[in-house]
Amino acid sequence: MKLQRCICLTTALLFLAVTNSTVNAEESVVNPTGTWKVTISSTNTQAHPAAQTLKLTLNGGTLTGTLSYNSSPTVNGKAHVAELPITEAKLHGSELSFNFTHPPAAGNGPNATYSYQGTISGDTIKGTFTMEWMGQTRTRNWEAKRLNE
């Protein structure tokens, strides 16, 4: 009876070890490193979707990056491009999340805070983000396509 328990316990431990290594191998397959063109969907059908550039680096399990966007006001028909760091970036399997904060477009006031969540599939990320600013919260869809560099 002790031998059967030992064999069952050994088999269970071996199964867990193989399963765990398979999960870790699958998680390491997704690499978001690169430059991504981000498109934000809008409920305003007449407005053009806002475009941003997301640069991500995965190094030793740590995800970092920046998000660039056209900031206001425009001068001579051209918008100033601002590039700010993302924070609290995480990658779990194919699930990605990060935060982004930027100052008001004009004047003084509180920063707007964005929380992005998405799923990576090949060279596409799709997800939602929540923006909080001055007591208001809005949720939008976003999609990113990896650029060939």
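The values are calculated or read from the model by the stated rules, or taken from the named source; none is laboratory data. Predicted model, so just to flag it, every value in this text is computed and none were measured. Cβ coordinates were reconstructed from backbone atoms using ideal geometry, including for glycine residues, and neighbour counts include every protein chain displayed.
If you go through segment 93-108 one residue at a time, how many are at pLDDT 75 or above, out of contact with any helix residue (DSSP H, G or I) (no Cβ under 7 Å at 6 or more places or on another chain) and more than 13 Å from L54 (Cα to Cα)?
Start the filter on segment 93-108 by keeping residues that are at pLDDT 75 or above, which leaves 93-103, 108.
Among the residues that remain, those that are also out of contact with any helix residue (DSSP H, G or I) (no Cβ under 7 Å at 6 or more places or on another chain) are: 94-103, 108.
Still in the running and more than 13 Å from L54 (Cα to Cα): 94-95, 101-103, 108.
Residues flagged as at pLDDT 75 or above, out of contact with any helix residue (DSSP H, G or I) (no Cβ under 7 Å at 6 or more places or on another chain) and more than 13 Å from L54 (Cα to Cα) within segment 93-108 amount to 6.
Within segment 111-133, restricting attention to residues that are within 14 Å of the chain's Cα centre (by Cα), of a type in the set (V, I, T) and surrounded by fewer than 16 Cβ atoms within 10 Å (Cβ to Cβ), which residue is nearest to T33 (Cα to Cα)?
My answer is T124.
Within segment 122-142, count every residue that is in a strand (DSSP E or B) and either free of Cβ contacts under 8 Å to residues at least 12 places away in the same chain or not assigned by TED's automatic domain parsing to the domain that holds T35 (or both).
Within segment 122-142, the subset in a strand (DSSP E or B) is 124-133, 136-142.
Narrowing the set further to residues that are either free of Cβ contacts under 8 Å to residues at least 12 places away in the same chain or not assigned by TED's automatic domain parsing to the domain that holds T35 (or both) leaves 136-139.
The qualifying residues number 4.
Taking only pairs six or more apart or across chains, which ones have beta-carbon atoms under 6 Å, a first residue in segment 100-121 that is part of a strand (DSSP E or B), and a second residue that is at pLDDT below 90 and aromatic (F, W, Y)?
A112/W133
Just a yes or no: is a residue in segment 72-80 part of a strand (DSSP E or B), of a type outside the set (G, A, S) and modelled with pLDDT of 90 or more? Even if it seems obvious, please write down each step before you answer.
At the first step, the residues of segment 72-80 found to be part of a strand (DSSP E or B) are 72-75, 78-80.
Then keep just the ones that are of a type outside the set (G, A, S); that gives 73-75, 78, 80.
Within this subset, residues satisfying the condition of being modelled with pLDDT of 90 or more are none.
Within segment 72-80, not a single residue is part of a strand (DSSP E or B), of a type outside the set (G, A, S) and modelled with pLDDT of 90 or more.
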